[in-house]
Amino acid sequence: MSVPAPVPAATPAAVTVRVPAKVNVQLAVGAARPDGFHDLANVFLAVGLYDEVTVTESDELRITCSGPDAGQVPLDRTNLAARAALALAGRRGIDPAVHIHIAKDIPVAGGMAGGSADGAGALLACDRLWQAGASRAELLSICAELGSDVPFSLVGGAALGTGRGEQLRTLEAGGTFHWVFAVADGGLSTPAVYGEFDRLNEGVRVPEPTASEALLAALAKGDAEALAATLANDLQPAALSLRPSLRDTLEAGRAAGALAGLVSGSGPTTAFLVGDGDTAEKVAQALTASGTCRTARAAVAPALGATVV
């Protein structure tokens with residue numbers, strides 16, 4: 001009796017990956033290294049604001065984008081999504097002829113790793129579309145080549161990033177944290193903020209970056225008040241130097257009932273930790289009405305990393 005030949009798995013016509021934004025609950029920054037990067041102790045928390053990256057076969061590699069501030073997103077091969085496709089295709093000897101569509105909901109140039117999210121999303125989507133079979137370790141290796149925040153966008157949850165942020169250790173998050181994000185008009189260049197950090201610290205001995213044990217304990221316990229007391233961002237003085245108006249946003253959020261607020265990463269988005277969902281909605285409404293930001297969004301954390309939908 002003959003045995004039927006196995007039917008090969010059908011190649012998907014399109015793959016969509018949902019990928020989250022991040023907030024840095026601690027960003028400790030060391031002195032500039034000879035290669036221009038800075039050593040970090042970067043406590044990441046993925047939050048429930050998402051981009052969706054859809055990859056389909058095409059005649060050539062092309063990028064399109066829709067959603068808020070889509071006009072600010074580069075649609076050439078400098079886009080991290082395009083670079084991710086090229087990196088995986090190069091390793092597998094595949095023609096990177098795909099159409100990558102990015103549906104934006106993460107603020108653009110807002111310090112919430114939207115570009116990094118798109119890179120991680122495109123990498124996972126291309127791996128599935130091409131059935132490349134990349135291991136988790138290989139995907140993370142490619143992510144690290146693409147940028148410091150890209151590995152966390154793939155992993156999600158909570159993690160400590162060391163080195164320049166790409167070396168991850170998963171952290172426990174013991175509960176749900178409620179956040180409000182105030183989106184500013186315009187963006188801030190991450191290299192410019194790091195440059196201002198270097199200028200502000202010229203002649204100063206910058207300590208080695210280390211994660212706060214009190215902050216890690218608060219995160220593990222799910223204790224929002226304890227976490228609020230330990231939030232820290234060494235880039236915040238530089239971001240405020242370049243965009244002084246962010247001080248008004250921080251004051252408005254705290255006055256509206258936030259437990260604490262800080263600049264998210266390199267900014268200019270500001271992040272406010274609040275006690276519960278109802279308070280989050282009230283703080284978001286108050287921030288939007290304050291005139292100190294363009295809009296404000298409530299979200300919960302931690303969120304899953306890059307996920308095929």
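In the stretch 177-194, the qualifying residues are those that are out of contact with any Pro (no Cβ under 9 Å at 6 or more places or on another chain) and over 17 Å from Pro244 (Cβ atoms), and the one that is surrounded by the fewest Cβ atoms within 10 Å (Cβ to Cβ) is Pro191. In the stretch 289-309, the residues that are closer than 18 Å to Trp179 by Cα form Cβ pairs under 9 Å with partners that are exposed (fewer than 15 other Cβ atoms within 10 Å of the Cβ) and among the β-branched types (Val, Ile, Thr), at six or more places apart or across chains, as follows: Val300/Thr176; Ala301/Thr176; Pro302/Thr176. Can you spot a residue in the stretch 197-204 that is closer than 28 Å to Ala299 by Cα and modelled with pLDDT of 95 or more? No, every residue in the stretch 197-204 fails to be closer than 28 Å to Ala299 by Cα and modelled with pLDDT of 95 or more. The selection criterion, being surrounded by fewer than 18 Cβ atoms within 10 Å (Cβ to Cβ) and either under 22 Å from the mean Cα position of the chain (by Cα) or at pLDDT below 95 (or both), does not hold for Val263. Every listed requirement among (1) at pLDDT below 95; (2) in contact with a Pro (Cβ under 7 Å, 6 or more places away or on another chain); (3) charged (D, E, K, R) is met by Arg128 save one, (1). Restricted to the stretch 189-208, and to residues that are of a type outside the set (Lys, Arg) and in a loop (DSSP other than H, G, I, E, B), which residue is farthest from Ser264 (Cα to Cα)? Restricting to residues being of a type outside the set (Lys, Arg) and in a loop (DSSP other than H, G, I, E, B), the top hit is Gly203. Look at (1) in contact with a strand residue (DSSP E or B) (Cβ under 8 Å, 6 or more places away or on another chain); (2) in a helix (DSSP H, G or I) and you find that Arg169 fails only one, number (2).
Quick check, is Leu219 assigned to a helix (DSSP H, G or I), in contact with a Leu (Cβ under 8 Å, 6 or more places away or on another chain), in contact (Cβ under 8 Å) with a residue 60 or more places away in the chain and buried (at least 19 other Cβ atoms within 10 Å of the Cβ)? Against the criterion (assigned to a helix (DSSP H, G or I), in contact with a Leu (Cβ under 8 Å, 6 or more places away or on another chain), in contact (Cβ under 8 Å) with a residue 60 or more places away in the chain and buried (at least 19 other Cβ atoms within 10 Å of the Cβ)), Leu219 qualifies. Ser189 meets all of the listed conditions (1) of a type in the set (Ser, Thr, Tyr); (2) at pLDDT 95 or above; (3) within 27 Å of Leu287 (Cα to Cα) but one, namely (2). Just so you know, in the stretch 93-150 the residues that are assigned to a helix (DSSP H, G or I) and touching a Ser or Thr at 6+ places or on another chain (Cβ under 6 Å) include one that is surrounded by the fewest Cβ atoms within 10 Å (Cβ to Cβ), and it is Ser116. Exactly one residue out of Leu154, Leu188 is within 28 Å of Pro68 (Cβ to Cβ), in the same structural domain as Ser241 (by TED's automatic domain parsing) and touching a residue at least 40 places away in the same chain (Cβ under 8 Å): that is Leu188.
Scanning the stretch 151-176 for residues that are of a type in the set (Ser, Thr, Tyr) and either within 21 Å of Ile106 (Cβ to Cβ) or buried (at least 22 other Cβ atoms within 10 Å of the Cβ) (or both) yields Ser153, Thr176.
If you check Ala238, Ala256 for being more than 16 Å from Val23 (Cα to Cα), outside the structural domain of Gln26 (by TED's automatic domain parsing), surrounded by 17 or more Cβ atoms within 10 Å (Cβ to Cβ) and under 20 Å from the mean Cα position of the chain (by Cα), only one passes: Ala238. Applying the condition of being polar (S, T, N, Q) and at pLDDT 90 or above to the stretch 1-48 and asking which residue is farthest from Ala260 (Cα to Cα) yields Thr16.
The values are calculated or read from the model by the stated rules, or taken from the named source; none is laboratory data. What you see is a predicted model; the values in this text were computed from it and never measured. All Cβ positions, glycine included, derive from the backbone under ideal geometry; neighbour counts span all protein chains shown.
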